[in-house]
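Below you'll find the structure, written out as structure tokens, and then a few comments.
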Amino acid sequence: MTTKSDYIVDLAKRSLRTDRRKEDEFRKIEIQKGVIEKAEGSALVRIGSTQVMAGVKMEVKAPFEDTPNEGVLIVGAELSPMASPKFRSGPPGEDAVELARVVDRSIRESHSIDVEKLCITEKEKVWIVNVDIYMLDDGGNLLDAGAIAAVSALLDARMPKYEDGKVIYAEKTKTKVPLTCKPVAISHVKIGDYLFVDPLSEEEEASTAKLTVGTKDNGNICALQKSGVDPFTLKQLDQMFEKSIELGKQIRKLL
Amino acid sequence: MKRIDGRKPEELRQLVVKAGVLERAQGSALVKLGRTTALAAVYGPKRLFSKHQQIPNKGLLEAHYVMLPFSTDDRIRPGTSRRSTEISKVMRLALEPVLFLEEFPRAGIEIHVAILQAEAGTRTAAINAASVALADAGIPMKDLVVSVSAGKIDGEYVLDLVGKEEEMTECDLPIAYIPREKKISLLQMDGDMPLKDVKGVMNLAIKGCEIIYEKQKQALKERWIDQVKTTIV
């Protein structure tokens, strides 16, 4: 524990935070879509000083054998060393892999894309939708920012022209990616015995446990991930579920 | 001669340079040349944790160049490639001559450049961005490093090739230039041309560098003298 972490833990006992936010208050969220012309869809998302970029690239390939009439959605994320002195270059570490998989699950398992609409010819050709998330500046809560960026980029995406078995990337059609809902992930950290949303990176360091809750437009929960060494009580879980559904609704309006 | 995008032979694409666009990095910069966009972040000088990396009499400069998966028409697989490894190397060597690495024994300086969008000239944009990011980080430098490429199409020397021009040109010759000392720190060429033309193309590239140099200095002044708040987009 560092002196800074001690200070954050001390403040938490009085429900206070270093940037004077309330325990369930997000920093300012800014979303800019269409920032990369070469991508089929893209978005730059800022939450406070955290900056994340996501882009959509589409390609045509053969479907998986067990799903011959379904397209494929793949979400990837990189914790680049550009974003923080904590990250190293090289193969992604366990935190990077966990982050990418949680974002991937919250979008894919929520069935937020109608994959059957991505089929061109059954058993032969389907659209593969690649969403890549790149972390530019880690001011904390990269996961929630990454999920917002991914959904924003998907909302911004237009299918490229497909003609004579070739994708013409320079020509975008007016067809959108068949999105059926907008999943939102909310991360909570436990500092001492207290819970806080949208943690700063210094709060993440001072925390002993974290829970990410993905919710859908209809209020269903579509992803959960508990990390950190400290367990949660059932009462704390209830509190975080309720809060996530409520905050998810507010953030969804910004998308 | 008219070029495919209407530019004059010695004209650069539209150029935007911004310093200080990231908060975590000690220094950062964004360079946009036409649609090609490079974002650079610098960390250091900082203590190197692994002893075997430390050099007793000077600092270690590391440079990493990466193209984002969605920066081009065909998606790029994340991770390093042979191409990105080579560009990381030539970028590091282009920048090292202006740094006083002997002042930082056993320490490390890291440069990370991400190409957000690629349309010709990504290595030169990467060097321009990295150089401004190093200055933005307050790292002592002899000068900024400036980079651009030039070629020859239909008998004329042309600056800052783009798109189809890369196929039409007799050569593609990127340089990095240190204006105050008038020295070249990166020189590459693909093509087939007599010596006279190689010199002509190189001189045009140097002229292009002088223009970019002014923009780089202006971006640093805006950030540190006028204290303008800059953002990526």
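Numbers below:
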item: Residue in the range A:148-163 that is open to solvent by less than 50 Å² (accessible area, probe 1.4 Å) and over 17 Å from A:Ala39 (Cβ atoms) present; result: no
item: Among (1) assigned to a loop (DSSP other than H, G, I, E, B); (2) at negative phi; (3) open to solvent by 10 Å² or more (accessible area, probe 1.4 Å), the one test that B:Gly163 misses; result: (2)
item: Matching residues in the range B:218-232 - criterion: being closer than 17 Å to B:Leu39 by Cα and either surrounded by 15 or more Cβ atoms within 10 Å (Cβ to Cβ) or touching a His at 6+ places or on another chain (Cβ under 8 Å) (or both); result: B:Ala219, B:Leu220, B:Arg223, B:Thr230, B:Ile232
item: Flag for B:Met202 being hydrophobic (A, V, I, L, M, F, W, C), at pLDDT 95 or above and surrounded by 14 or more Cβ atoms within 10 Å (Cβ to Cβ); result: yes
item: Strands (runs of 3 or more DSSP E) wholly inside the range A:2-62 containing at least 2 residues that are open to solvent by less than 10 Å² (accessible area, probe 1.4 Å); result: A:41-47, A:50-61
item: Selection status of B:Leu60, open to solvent by less than 10 Å² (accessible area, probe 1.4 Å), out of contact with any His (no Cβ under 6 Å at 6 or more places or on another chain), hydrophobic (A, V, I, L, M, F, W, C) and within 24 Å of B:Val132 (Cα to Cα); result: no
item: Residues (of a type in the set (Val, Ile, Thr) and open to solvent by less than 10 Å² (accessible area, probe 1.4 Å)) located in the range B:166-197; result: B:Ile175, B:Ile178
item: Single match in B:Glu110, B:Glu119 (criterion: among the acidic types (Asp, Glu) and in a loop (DSSP other than H, G, I, E, B)); result: B:Glu119
item: Hey, B:Lys207 open to solvent by 80 Å² or more (accessible area, probe 1.4 Å) and either among the hydrophobic types (A, V, I, L, M, F, W, C) or farther than 19 Å from B:Val31 by Cβ (or both) or not; result: no
item: Residues of the range A:57-79 satisfying the condition of being at the interface with another protein chain (Cβ under 7 Å from one of its Cβ atoms) and touching a Ser or Thr at 6+ places or on another chain (Cβ under 9 Å); result: A:Lys57
item: Single residue of the range A:56-93 satisfying the filter (over 19 Å from the mean Cα position of the chain (by Cα) and of a type in the set (Val, Ile, Thr)) that is farthest from B:Glu110 (Cα to Cα); result: A:Thr67
item: Qualifying residue in the range B:12-26 (condition: without any contact (Cβ under 8 Å) to a residue 60 or more places away in the chain, surrounded by fewer than 18 Cβ atoms within 10 Å (Cβ to Cβ) and in contact with an Asp or Glu (Cβ under 6 Å, 6 or more places away or on another chain)); result: yes
item: Among (1) more than 18 Å from A:Val177 (Cβ to Cβ); (2) crowded, with 16+ Cβ neighbours inside 10 Å; (3) without any contact (Cβ under 8 Å) to a residue 60 or more places away in the chain, the one test that A:Glu70 misses; result: (1)
item: Some residue of the range B:92-107 being open to solvent by 30 Å² or more (accessible area, probe 1.4 Å), within 12 Å of another protein chain (Cβ to nearest Cβ) and on the phi > 0 side of the Ramachandran plot; result: no
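The values are calculated or read from the model by the stated rules, or taken from the named source; none is laboratory data. Values in this document were obtained by computation on a predicted structure and should not be read as measured data. Note that each Cβ is placed from the backbone with ideal geometry, even for glycine, and that neighbours are counted across all protein chains shown. All accessible areas refer to the heavy atoms of the entire protein, side chains included, with ligands and DNA or RNA removed. Shrake-Rupley method; radii C 1.70, N 1.55, O 1.52, S 1.80 Å.
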